[in-house]
Amino acid sequence: MRATPSSSLISQAGRRLSAARPFCRVSGPARSISVGPSRPRPIDGISTPCLARPSHAVHLDARKSAWPVRGHASSSSAPAEEEQPIPVISAENTYDIVIIGGANAGLAFACALLSQPTISKTARILLLEGASLDRTRSWSGEGEWENRVSSLTAENVAWLDSIGVWKHIERDRSCPVHEMIIWANPSESSTPTIHFPPLGRPMAQMTENLNLQRALLRRIEEVGKSVVDIKENSRVGEMRLGEGGRWVGLKIGDEWLRGSLVVGADGPNSPVRHFSKIESYGHAYQTHAVVCTLNHFASSIYPNTTAFQRFLPTGPLAFLPLYSDASTMVWSTLPDHAAALKRLSPEALVAMVNAAFTLPESTLMSLTDKMVESDELGQPLTAEKISSLIATLPSPLVSSDQPILPASITSIPQKSIASFPLRLTHADEYLGPRTALVGDAAHTIHPLAGQGLNMGLADVRSLSKVLERARSLGGDLGSQTSLADYPRERYPLNHLMLSTTDKLHYIFRSRAGLVNRIRGTGLDVINELGPIKKILMGGAGAGTLGNGHGGTRTEKEREFGRSNPQDDLGPIGGWPMSAAKGVEGWFALKGVMGMVGSVLKEGAKMGVGKAARLIAKK
């Protein structure tokens, strides 16, 4: 990897996330092993996953799992008790693959396995879900919008279509994103903006999680009845390695079953990760995301297919389309601000959200301070009080060059208002003794790039292909040898996404004078420069670049694939391998400035527009 300025920043972020970890000792029933720090990984600042460690029986209680405050989260089991031998397990309760978790990642993994010709014909698969799936099955696609909505990249939509899932999506409840507008307002005279214009195809699809889950479940029921068994309301009470470490026993109630491989799709507090003695590291953002459904008037001119995101000092505020007259909001902000927002009446929240998209940054910060002060006194602001404050608070004159703004909000359903804390976590490894982790069980990410679900879908696609290859060659599905390609492919890409998104969070929150100037200039250059915008659109969910069919880019499409104008263009094997799904591409200013190189001095004299055109010719 060439030592570009942006890769240097990524390297620093990676080193911060993967700092040297303390030695730990894990003991199994027959032997113990000491594990030191991980070996260096093949990307700057990223280390390769270490080998799995042996694990003894673990009694699982997900309710006891807890997030670490900061740094490593390690799992420790209770003192060993006298264990009864695992009873003989019948052939009916013996499976090749057991998936724990029946949400997005678990259901998607089952569908991915069903799409593999050898696995679907020769393997027995079990999906375990601790709750009932009746709400998913019975979701009608009518009524109020769900507040759990995800952005699906064009690449993942194409994959879901190819495996027979997308045809089950309720189309009226899935909205294409054709344009994106991202802006900041760090000072009265500066409103740096990036506009991603239409590509002729959607950049992404905004889809309620229940819509996706119902489609996945319908596909399993359509083609997998003889292959995938689903056990609902089934909580795993104990996991234990079987004789010789050749299988995993799982106790559900008084019944035992076994699997050659157990896949944890069981969320951030993953019991499978706990059983596998896999540590996770990361940190809390001291930020909560407030989500809700936004009702607004349908435009008679523009369709509601534009996503908006404003970067504020407290975090990003996103307006994401759902339908002609409805959108969803994700407002990442300080915990006390989030609590105050949730305690506002729906009418007052409407006024606050409209203000958040339209007011100058300094005025908005004064308004939110007043909101928190009133909330601490037990007197949440009313809609009338918010209007009064907006009229009386100092409001500076702002630049006439303002971005296009989203529609004015008319109402917010009370039931849709919720919040959750944000964290960055990454498991030290994805493989354990006869186990593998996917989705949130392996990593959690800040929502500003909308990549959490997409990373999980990429995980299950990769793991299903690895298992298909192993089964077609007659390999053991649960062995480390058979599974080794999965972390080798996914761990570096996921780590790069996590580390760059983490850095973006801090870069865009900063209001230091120098950072403001560099960030503002960089966003203006990006907005003028076509090649960079192509890269950013890929990161935002547009999928493949240029020709729209993936694969290696042509010479013309690779015009910005260098760190300095004088560098040779190296081979780039398709967009997914070039920048971990695009986040490195919009890794902001320093990378952009490094890529423009020596032309920037001359360009500064000519103005941003001329400079961008000059750079584009290089």
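The values are calculated or read from the model by the stated rules, or taken from the named source; none is laboratory data. Bear in mind the structure is a predicted one, so any value in this text is a computation, not a measurement. Every residue, glycine among them, receives a Cβ derived from its backbone with ideal geometry; neighbour counts consider all protein chains shown. Note: accessible area is taken over every heavy atom of the protein model, side chains too, but ligands, DNA and RNA are not part of it. Shrake-Rupley method; radii C 1.70, N 1.55, O 1.52, S 1.80 Å.
A single member of Glu255, Glu243, Glu222 is under 30 Å from the mean Cα position of the chain (by Cα) and open to solvent by 10 Å² or more (accessible area, probe 1.4 Å), and it is Glu222.
Per the listing Leu463, Leu473, Leu437, the residue uniquely in contact with a Ser or Thr (Cβ under 9 Å, 6 or more places away or on another chain) and crowded, with 24+ Cβ neighbours inside 10 Å is Leu437.
Candidates are the residues of the range 280-308 that are aromatic (Phe, Trp, Tyr) and in contact with a helix residue (DSSP H, G or I) (Cβ under 8 Å, 6 or more places away or on another chain); the one that is surrounded by the most Cβ atoms within 10 Å (Cβ to Cβ) is Phe308. Scanning the range 146-168 for residues that are part of a loop (DSSP other than H, G, I, E, B) and within 21 Å of the chain's Cα centre (by Cα) gives Glu146, Asn147, Arg148, Val165.
In this structure, Tyr491 does not qualify as open to solvent by less than 20 Å² (accessible area, probe 1.4 Å), assigned to a helix (DSSP H, G or I) and touching a Leu at 6+ places or on another chain (Cβ under 7 Å).
For the range 258-279, which positions are surrounded by fewer than 24 Cβ atoms within 10 Å (Cβ to Cβ) and either acidic (Asp, Glu) or not in a loop (DSSP other than H, G, I, E, B) (or both)?
Arg258, Ser260, Glu279
Filtering the range 360-392 to residues that are open to solvent by 20 Å² or more (accessible area, probe 1.4 Å), under 21 Å from Phe319 (Cα atoms) and modelled with pLDDT under 95 leaves Ser362, Met365.
Scanning the range 429-445 for residues that are in contact with a Pro (Cβ under 9 Å, 6 or more places away or on another chain) and either among the polar types (S, T, N, Q) or modelled with pLDDT under 95 (or both) yields one hit, Thr444. For Ser395, state whether it is part of a loop (DSSP other than H, G, I, E, B), surrounded by fewer than 16 Cβ atoms within 10 Å (Cβ to Cβ) and in contact (Cβ under 8 Å) with a residue 12 or more places away in the chain. Yes; evaluated as a whole, the condition is true for this residue.
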